[in-house]
Ligand SMILES: [Zn+2]
């Protein structure tokens, strides 16, 4: 417990021995000395309840845990487990391990999937989302009798990968949430500041004008003092790349290829003209908008699918619901199909449907003011910017 408090881990995964709680284990108990059974159960309970303590500890620090026991295990009816499972922050799902590649060879050496229905309990719904795959009944299952249960206690790779992905999903969803919380916080404090100024009436106006004058002063550092820092970042093979969401290192070759593809697209439109940095200052009175690469692996560590996007960092203000407009609802598509089908039957006003997947829609918007951006290191030269 001390180790856990000192290390403050983001995740604790508990799979205490389930032998004495499982159906198989309990059937073995019948053949054992009752005293021995009592001793074993005491030990198993102590172990289980220690895990429960650790899980509570994780929850109290706002961290996560994952607990695994067979679906049929009597441990799910232990009081400590029931209390934890009833915590509003905690939920459980059931998954069949055959869907996670659990396989064992039978007596004839034939490898068969093992179902082993398992209940998972966790503080992260993203994690549980990964672990709730059920058997689709498309195969025959092998049996765990004849002393093979111990082999089924080893987690297959597929399962480990899904658990890691669950951690990734959890971290990502928490980060996004935090970002929004922070934004709301900033917005609230700005609102309350404004409200207190409004109380002062005229004085507030004067202050606001003064403040914006002051800010403009800060923004106008002479252009020659802004270093063309991108010139230093030559396109070298030694660069290392990290996934924007998970911070896991990405294979440089794949990232470079993805970035090249994106730049290729930039040039094919083209997205920008090359302009001198001085022009940007003359026209806008401000430095160019900075840009950054967002590299993300949309696949997994086994099969990479790296996408790179170059984004401009000018998204601070003016966010509203439209900014996060989702894709059109499914009903829209249904309506279009229905109308097209109806027109076809009547033979009047026949319609054709054309679906365009605008993967890079954002490049096609009109720019309504002179806009200058920093060029990415891959195409940058000192003293020039993209317009
Ligand atoms: Zn199955």
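Read-outs throughout are calculated quantities, based only on the coordinates presented, and are distinct from any laboratory measurement. Predicted model, so just to flag it, every value in this text is computed and none were measured. Note: ideal-geometry Cβ built from the backbone for every residue, glycine included; neighbour counts use all protein chains shown.
What list do you get for 337, 65 if you sort them by fewest beta carbons within 10 Å? If you can, show how the numbers build up before the last one.
Working: 337 11, 65 25.
Least crowded to most crowded, the residues run 337, 65.
What's the FRET efficiency of residue 261 with residue 335 using the Cβ-Cβ distance as r and R₀ = 30 Å, to the nearest 0.05?
The formula returns an efficiency of 0.30 here.
Taking the Cβ-Cβ separation of residue 23 and residue 139 as r and a Förster radius of 30 Å, what is the calculated FRET efficiency to the nearest 0.05? Before the final figure, lay out each step's value.
Details: r = 22 Å, r/R0 = 0.74.
Taking R0 as 30 Å, the efficiency between residue 23 and residue 139 is 0.85.
Taking a quarter of the surface of the Cα convex hull of segment 2-166, what do you get in nm²?
Across all orientations, segment 2-166 yields a mean hull projection of 10.7 nm².
Apply 1/(1 + (r/R0)^6) to the Cβ-Cβ distance of residue 101 and residue 248, taking R0 = 30 Å, and write down the FRET efficiency to the nearest 0.05. Let's see the in-between values first.
Details: r = 22 Å, r/R0 = 0.75.
Computed FRET efficiency for residue 101 and residue 248 comes out at 0.85.
Please report the antiparallel percentage of DSSP beta bridges with both residues in segment 2-166, rounded to the nearest 5.
80
Just rank 240, 42, fewest to most, by other beta-carbon atoms within 10 angstrom.
240, 42
Relative to the present Cα-Cα distance, how much length would full extension add between residue 82 and residue 37 at 0.36 nm per residue of separation?
Fully extending the segment from residue 82 to residue 37 adds 13.9 nm.
Could you please rank 286, 133, placing first whichever residue has the fewest other Cβ atoms within 10 Å of its Cβ?
Listing 286, 133 from fewest to most nearby Cβ atoms yields 286, 133.
Mind ranking 97-107, 264-274 by how tightly packed they are, going by the mean number of other C-beta atoms within 10 angstrom, highest first?
Descending mean neighbour count gives 97-107, 264-274.
Using 7 Å Cα-to-Cβ label points, what is the residue 273/residue 30 separation (nm, one decimal)?
Using points 7 Å along Cα→Cβ, the separation is 8.8 nm.
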